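Okay, so here's the structure we're looking at.
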Amino acid sequence: MNFARGLNNYVGRHLQVALSSLGRLYRTPLASLMTTAVIGIALALPAGLYALTGNLQQLSNRWDGSTSLSLFLKKSLPEGRIEALRQTLEQWPEIARLQFISADQALEEFRHLSGFGEALDALDENPLPAVIAVQPAPAYRDAESASALLERLRRLPEVELAQLDLQWVQRFNAIVDIVRRSIAVVASLLGLAVLLIIGNTIRLEIQNRREEIEITRLVGATDAFIRRPFLYTGLWYGIGGALLATVLVEIALLQLQAPARELAGLYQSDFRLQMAGPGEILTLMATGAILGLLGAWLAVGRHLSAIEPA
Amino acid sequence: MIRFDHISKRYPGGRDALQSVSFHMHRGSMAFLTGRSGAGKSTLLKLIALLERPTRGQLFLDGENLSRMPRRQVPRIRRKIGMIFQNYRLLCDRTVFDNVALPLVIAGHRHQEIGRRVRAALDKVGLLGKERAFPVMLSGGEQQRVGIARAVVNRPPLLLADEPTGNLDPELSRDIMHLFEQFNQVGVTVLIASHDLDLIARLPYDQIRLEQGRLVQERGAS
């Protein structure tokens, strides 16, 4: 009972300090907003880039999923052997789905899409081979298993050429990875900048309230008591900055939504730019809060102990 | 309550503010600390409040040796002392109520308790109607009474006042001194540094007189 009341009292005091710190920021709206804006922009930059590369990675994941192997069959195979091959392949556990494109179908598609119709008519026979598009089972879609599967398919006597359309996906992934790492470097630098901005703001705040700090020390305030409002101020700056960053990133993504859909449309894809989800927003908020608290802590640790009443 | 045992204080730069000062103040007593400006009055009060540390000697407050008090313990000691200053040292951006409430807020009292005690302290110094005012709206005498209310609000056993009437006219000074007498009558130990000798001469309390850092006279005090 006593403990509960003590805890209640403790929480109440923290809440009061938190709110009065917020009120203090509210009373100097312009200065508070400027600091928050700087922090927000510094946080929005890496957060926005992360969201974009996240989208790119998602894009490449889709391609990973549709990894397919193309088996170009030898020409002049009798129908029966092709049918037998299809049935054999359908039994393989590595293979999820087969799509057979006969030489005639391939020709028709090519005629339709390329516009070389008349040139094709001039040919005596169909130059295109029949193709079987093989979709590996989900467990065999990684690069290694897919390569092994490719090797097995290549050894089939009916197959002229087997191709795996994976290499460029890997290259794309590698590029995205490099971009992500560069963003991590940029993010660390900007995080450091946020730390310094908040630290400096709190340092000025400490200097402005020097008299108050001295007087509270005189009447017996502990270091923790004096520290608390400044830590909360830092926390509010961090959270405010993160909030602003979230808004900026969402606006930017919204702006990109239409052009991205258009671009995806050109590739017959229904890809949609993902907005930052609750998880990402929460991460951003937590990052802001931690940076704010840490920046304030550094400033307080350096400057508060120097103020002693005289 | 307070015991000085051969206390010396030398400031950086070599100035000796106090030299081998020894005296003893009983619990519940009241005394004046007199002497010219620069005689060491303020230094003596600062040593008690742990605003300065002695260079040599032993200093006891309420049975505790302050000479070896770690920094962590300083707030606890200061909460036993109500301090009053010549320039009042009020927070100008807070109301009278908030100024007086400060020691209670620091000590972590509950909201209702704070309101009750602040009003009691303000009533005691005759400023009950001014709790919402800001210090700049008050006269010097009223500001000093706010300072006194803040000093006594958490009922410390010791009051230290550094030239509390330095900026006030004789009549207001008498009122302030009368307040100190009232606190002393309910058992608070009171030590007042002052060079207002006319005022002190008319009051029947002990005197601790300093001259160039040395104790020269101790009227009545043992």
Selection count where residues are at positive phi and either within 12 Å of chain A (Cβ to nearest Cβ) or in contact with a Gly (Cβ under 8 Å, 6 or more places away or on another chain) (or both), scope the stretch B:97-141: 1
Of residues in the stretch B:75-96 being polar (S, T, N, Q) and open to solvent by 50 Å² or more (accessible area, probe 1.4 Å), the one nearest to the other protein chains (Cβ to nearest Cβ): B:87
Meets criteria (open to solvent by less than 60 Å² (accessible area, probe 1.4 Å) and free of Cβ contacts under 8 Å to residues at least 24 places away in the same chain) for residue B:126: yes
Candidates A:179, A:169, filtered to the one that is in contact with a Phe, Trp or Tyr (Cβ under 9 Å, 6 or more places away or on another chain), touching a residue at least 24 places away in the same chain (Cβ under 8 Å) and either in the same structural domain as residue A:40 (by TED's automatic domain parsing) or open to solvent by less than 20 Å² (accessible area, probe 1.4 Å) (or both): A:169
Exclusive hit being more than 24 Å from residue B:200 (Cβ to Cβ) and open to solvent by 10 Å² or more (accessible area, probe 1.4 Å), set B:3, B:72: B:72
Output for the stretch A:182-195, where each listed residue is open to solvent by less than 50 Å² (accessible area, probe 1.4 Å) and hydroxyl-bearing (Ser, Thr, Tyr): none
Unmet criterion (only one of (1) out of contact with any Phe, Trp or Tyr (no Cβ under 9 Å at 6 or more places or on another chain); (2) part of a helix (DSSP H, G or I); (3) in contact (Cβ under 8 Å) with a residue 24 or more places away in the chain; (4) open to solvent by less than 60 Å² (accessible area, probe 1.4 Å)) for residue B:156: (2)
Residue under evaluation residue A:193, criteria (1) of a type in the set (Gly, Ala, Ser); (2) within 14 Å of another protein chain (Cβ to nearest Cβ); (3) part of a helix (DSSP H, G or I), criterion not met: (2)
Of all residues in the stretch A:196-228 being outside any helix (DSSP H, G or I) and touching a Leu at 6+ places or on another chain (Cβ under 9 Å), the one that is nearest to residue B:73 (Cα to Cα): A:221
Selection status of residue A:228, open to solvent by 70 Å² or more (accessible area, probe 1.4 Å) and within 14 Å of another protein chain (Cβ to nearest Cβ): no
Residue among A:198, A:202, A:215, A:206 that is closer than 30 Å to residue A:25 by Cβ, open to solvent by less than 30 Å² (accessible area, probe 1.4 Å), within 14 Å of another protein chain (Cβ to nearest Cβ) and in contact (Cβ under 8 Å) with a residue 12 or more places away in the chain: A:215
Residue B:171 being surrounded by fewer than 15 Cβ atoms within 10 Å (Cβ to Cβ), at pLDDT below 95 and within 30 Å of residue B:37 (Cα to Cα): yes
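The values are calculated or read from the model by the stated rules, or taken from the named source; none is laboratory data. Here the structure is a predicted model, which is why all the values come from computation and not from measurement. Methodologically, a virtual Cβ is constructed for each residue, glycine included, from the backbone with ideal geometry; neighbour enumeration extends over all protein chains shown. Accessible surface is based on the protein model in full, side chains and every heavy atom, while ligands, DNA and RNA are left aside. Shrake-Rupley method; radii C 1.70, N 1.55, O 1.52, S 1.80 Å.
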